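Structure, as structure tokens:
Just so it is clear, none of the values below were taken in a lab; they were calculated from the coordinates. Predicted model, so just to flag it, every value in this text is computed and none were measured. Counting neighbours? That spans all protein chains shown, and the Cβs are built from the backbone with ideal geometry, glycine included.
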Amino acid sequence: MKTVIEDPRVLKAIKNLESPRSVYLVVSSKGGVGKTTISTLLSIASSLEGHSTGLLDLDFVNPSTHIILGLDPRVIKYIEEKGVKPYRVFDNLYYFTIVSYTMDNPIALRGGEASNALWEVLAIIRWNGVENLYIDTPPGIGDEHLDILYRLRRRVKPIIVATPSKLARRAIDRLVDILRETGYEEILFIENMGSGVLRPYAEERRLLYLGFIPYLSRLEESIGSIEKLLNEEVFSYVKAIYKNLRSLIR
Ligand SMILES: Nc1ncnc2c1ncn2[C@@H]1O[C@H](COP(=O)(O)OP(=O)(O)OP(=O)(O)O)[C@@H](O)[C@H]1O
Ligand SMILES: [Mg+2]
């Protein structure tokens, strides 16, 4: 009989992601649509609601969640204890990003290396005690992400972030097709820099529409300060989205 030996890191990653109640993978078909902004703000909203929350930056090419949080890579330190414990940003928010290792220098990872690095991180970071975990990802779906999507399909819930651009519609369609082919029935959807025009599209494609965030020109000024972000209009939209997320996902 043929025995299939699974990579131990994959098994470890699956085990690590079994402890949070919900694991959200924030994805998009295009770059610059607001994934990092939204995943970071959702994790803040969740933690302020009193839920123990994790934020994992899986964008190794352009990690940027720390910029939104206003964290200097030098202050982000992890405790190694049967794996790696994420960094506590404040009360309920736990965080992992590779910038504390790379010191924000760009890293060039080729196909196989990128996949190895992703599984390594997923296998060593321990999220026990965390209720909701938000994972920021790079734009598009590369082979290494397809692999993760497939193997973690029973654990993660994808959230697509998209802007209402006619040019992007085909790309969003393709992403939805990929997710469905990979085994994802339940796909969440957030419209960014829009006014709700993508709701009919989301409904037509049976995506769970969580809400929209309009284009907010003042947002840029608040990037890097949690305090400022909390007082910006953007946060009221994110809180509404978070509320919908909680009511849709049981
Ligand atoms: N609703 C919004 N209104 C105005 N500006 C926004 C809004 N959402 C995001 N932005 C801005 O758009 C830019 C891109 O956002 P962000 O980095 O979150 O996108 P991304 O999808 O993570 O990009 P990448 O694909 O490169 O990782 C940032 O400068 C951010 O401040
Ligand atoms: Mg990003």
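Remarks
- Shape category assigned to region 1-58 from the gyration tensor of Cα positions, a/c cut at 1.5: oblate
- Using equal-weight Cα scatterers in the Debye expression, the normalised intensity of region 8-248 in log10 at q = 0.08, 0.12 Å⁻¹ is -0.27, -0.63.
- Within the chain, the selection of entire DSSP H helices by a Cα span of 18 Å or greater along the long axis and an average Kyte-Doolittle value of at least 0.5 returns 35-48, 111-124.
- Beta bridges from DSSP with both residues in the chain: antiparallel share about 15 percent, rounded to the nearest 5.
- Using the average count of surrounding beta-carbon atoms within 10 Å as a protection proxy, the listed peptides 212-223, 136-147 rank, highest first, as 136-147, 212-223.
- Span from the region 216-247 Cα centroid across to the region 23-87 one, whole angstrom: 15 Å
- Extending 7 Å from Cα along the Cβ direction at T102 and again at R174 yields two label points whose distance is 2.4 nm.
- Sites L11 and S165 - FRET efficiency at Förster radius 45 Å, r taken between beta-carbons, to 0.05: 0.65
- Sorted on the mean count of surrounding Cβ atoms within 10 Å across their residues, most packed first, peptides 53-65, 167-179, 235-247 read 53-65, 235-247, 167-179.
- What you get for the chain, charging only the Cβ of Lys and Arg (+1) and of Asp and Glu (-1), is a dipole of about 600 debye around the Cα centre.
- Distance between modelled label sites at E49 and N62, nm, 7 Å Cα→Cβ extension: 2.9 nm
- Distance between region 91-125 and region 164-182 - C-alpha centres, whole angstrom: 26 Å
- Virtual spin-label span in nm between R21 and A117, 7 Å along Cα→Cβ: 3.4 nm
- Our estimate of slack between K243 and S225, defined as 0.36 nm per intervening residue step minus the Cα-Cα distance, is 4.2 nm.
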